[in-house]
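Everything below concerns the one structure shown next.
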Amino acid sequence: DGGITQSPKYLFRKEGQNVTLSCEQNLNHDAMYWYRQDPGQGLRLIYYSQIVNDFQKGDIAEGYSVSREKKESFPLTVTSAQKNPTAFYLCASSAGAGGNYGYTFGSGTRLTVV
Amino acid sequence: GDSVTQMEGPVTLSEEAFLTINCTYTATGYPSLFWYVQYPGEGLQLLLKATKADDKGSNKGFEATYRKETTSFHLEKGSVQVSDSAVYFCALPMNTGGFKTIFGAGTRLFVKA
C-alpha cells in the first residue's frame, strides 16, 4: 500500500544537538510538506517542496532545514538554533497543490528536548 | 487576511448522539474547504472536502456543506460512535497557489458508550 513513512516515532534531543527526522513517500507525489503541531493548536507550516531540488520556507522555518534530493524523500533537520523544538512533527505529501487536492499525512514524530 | 475559526472543544457526546462542529472562514476568492481527522497518536487523515458553494462533502457518515452566504463549513454526523473520538480540523487553502493551508485549532470529540 502507498503511504508516507515517518521515523522515528519518538525522538529525544539534548540541548545543542541537531537531529534529523525522516520522511519517505511511495505515492509518487510531487509536493511534500513539514508541519509542526503543538498541543491545542492547529498545524503550522515549516517548509514545503513542490518539486525535487526545490523548497520554500513556511511560516516558522527559523531553526529548521530541509533537503529534497529525491522525489520520495524530504528529511527535516531541527538545528540547535530552534529554541523550543519539543513538538509533534508531521510530514505530508500531495499530488499537486495540497491545499486544493488534499494532503496525505504520515503518522508523525514526537520530538522531546531532554 | 484568510482565517479559519472552529468551535472550541472538547465536545463530549453519548453514543448515537447528533454531532455538529462549527467552522467559519474568511477568504478571498472561492477556495475549496476541507475537514481532516486525527486519531490519538496519529497523523491527520482527509475526511471530506467541498470545492464550491453549496457542495456537500461526505464520508463515513460525516457531512459538511459549503455555505458561501454564511461563510461556514460545519461538520455533522447523525449518530456518533465511540470510534469517532478524535480531533477534527477544518482547513482552508490560501489563495497563494494552494501550497499553503490554514488549519483550524482543532476540536476534540469524546464519545461515551
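Only the coordinates and a few stated rules stand behind these numbers; no lab work does. Owing to the predicted nature of the structure, the values given are computational and were not obtained by experimental measurement. In this analysis, Cβ positions are derived from the backbone assuming ideal geometry, glycine residues included, and neighbour counts consider all displayed protein chains.
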- Task: Please report Rg over Rh for region A:66-114, where both radii come from the alpha carbon positions and Rh follows the Kirkwood definition.
- Result: 1.03
- Message: Using C-alpha positions alone, give me the convex hull volume of region A:15-81 per residue in cubic angstrom.
- Response: 94 Å³
- From Cα coordinates alone, what are the radius of gyration and Dmax values for region B:64-113 in angstrom? 13.8, 44
- For A:Y33, what charge total do you get from the other residues with a beta carbon under 15 Å from its beta carbon, if Lys and Arg give +1 and Asp and Glu give -1? +1
- Task: May I ask you to list the aspartates and glutamates whose Cα is less than 12 Å away from that of B:K68, ignoring any residue fewer than eight positions away on the same chain?
- Result: B:D54, B:D55
- Task: Let me know the volume per residue of the alpha-carbon convex hull for the protein assembly as shown, in Å³.
- Result: 123 Å³
- Would you mind checking A:K9/B:K56; A:K71/B:K100; A:K9/A:K57; B:K56/B:K112; A:K9/B:K60; A:K9/A:K70 for any pair whose Cα atoms are more than 30 angstrom apart? A:K9/B:K56
- Message: Show me, for region B:35-47, the HN-Hα J-couplings you get by feeding each phi into the Karplus relation (A = 6.51, B = -1.76, C = 1.60, θ = phi - 60°), rounded to Hz, glycine and proline as x.
- Response: 10, 10, 10, 10, 7, x, x, 10, x, 7, 10, 5, 9
- Could you calculate, for chain A, the ratio of the Cα radius of gyration to the Kirkwood radius, expressed as Rg to Rh? 0.94
- Message: Can you work out the Karplus-derived ³J(HN,Hα) for every residue in region A:82-92? Use 6.51 cos²θ - 1.76 cosθ + 1.60 with θ = phi - 60°, whole Hz, and x for glycine or proline.
- Response: 7, 7, 9, x, 5, 5, 9, 10, 10, 9, 9
- Just how large is the dipole of chain A about the Cα centre, in debye to the nearest 20, putting +1 at every Lys and Arg Cβ and -1 at every Asp and Glu Cβ? 300 debye
- Message: Compute, for chain B, the length of the dipole vector about the Cα centre, with Cβ point charges of +1 (Lys, Arg) and -1 (Asp, Glu) only. Units Debye, rounded to 20.
- Response: 200 debye
- Query: How high is the relative contact order of chain B, given as a whole-number percent (alpha carbon pairs under 8 Å, six or more residues apart)?
  - Reply: 36 percent
- Can you list residues whose amide H is under 5 Å from B:T101's amide H, if they're 5+ apart or on another chain and H is modeled 1.01 Å from N? B:M94
- Antiparallel %, DSSP beta bridges [both residues in the protein assembly as shown], to 5: 90 percent
- Message: Can you give me the long-range amide H partners of B:S32? Hydrogens built in the peptide plane at 1.01 Å from N, cutoff under 5 Å, separation of 5 or more residues or another chain.
- Response: none
- On average over all directions, what projected area in square nanometres does region B:24-113 have, based on the convex hull of its Cα atoms? 6.1 nm²
- Query: To the nearest 20 debye, what charge dipole does the protein assembly as shown have about its Cα centre, counting +1 at the Cβ of each Lys and Arg and -1 at the Cβ of each Asp and Glu?
  - Reply: 360 debye
- Task: Add +1 for every Lys or Arg and -1 for every Asp or Glu among the other residues with Cβ under 11 Å from the Cβ of A:R68, and state the total.
- Result: -2
